[in-house]
1. What are the residues in the stretch 49-67 that are open to solvent by less than 70 Å² (accessible area, probe 1.4 Å) and not aliphatic (A, V, I, L, M), if any?
2. Say we look at the stretch 1-30 and pick out the residues that are part of a loop (DSSP other than H, G, I, E, B) and closer than 20 Å to residue 49 by Cα; which of these is least open to solvent (accessible area, probe 1.4 Å)?
3. Are there any pairs, at least 6 apart or on different chains, whose C-beta atoms fall under 7 Å, with the first in the stretch 31-48 and open to solvent by less than 50 Å² (accessible area, probe 1.4 Å) and the second β-branched (Val, Ile, Thr) and in a helix (DSSP H, G or I), and if so, which?
4. Is it true that residue 73 is surrounded by 10 or more Cβ atoms within 10 Å (Cβ to Cβ), at pLDDT 95 or above, more than 16 Å from the chain's Cα centre (by Cα) and of a type in the set (Gly, Ala, Ser)?
Amino acid sequence: RFLDEISDALARLAKGDLTVRVHGDFTDRNADVQANFNTAVAELGRTIESVRCSSDEIMATSYALRESSGVLADGASSQAASLEA
């Protein structure tokens, strides 16, 4: 029964399901593997969420930099035009 549970959980994890957990009342090494699997999947989910948040922050910062660069370029063009006049 334990091998069926862990095999099914690994198959779901391989398909990207980070909600998968191994449930059941197992003992000894099987209980250790169950706990370690569930902890590993939970930590993997937290790591992926952290990467996603960092990616969102990087994207927001890059948009802000692009806007600032545009404003700076417009200002430089205006100053150059006023010096030519």
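1. 50, 53, 54, 55, 62
2. For the stretch 1-30, the residue satisfying everything is 20.
3. Filtered contacts from the stretch 31-48: 37/6.
4. It is false that residue 73 is surrounded by 10 or more Cβ atoms within 10 Å (Cβ to Cβ), at pLDDT 95 or above, more than 16 Å from the chain's Cα centre (by Cα) and of a type in the set (Gly, Ala, Ser).
The values are calculated or read from the model by the stated rules, or taken from the named source; none is laboratory data. Here the structure is a predicted model, which means the values were calculated and not measured. Virtual Cβ from ideal backbone geometry, glycine too; neighbours counted across all protein chains shown. Protein only, heavy atoms only, side chains kept; ligands, DNA and RNA dropped before computing areas. Shrake-Rupley method; radii C 1.70, N 1.55, O 1.52, S 1.80 Å.
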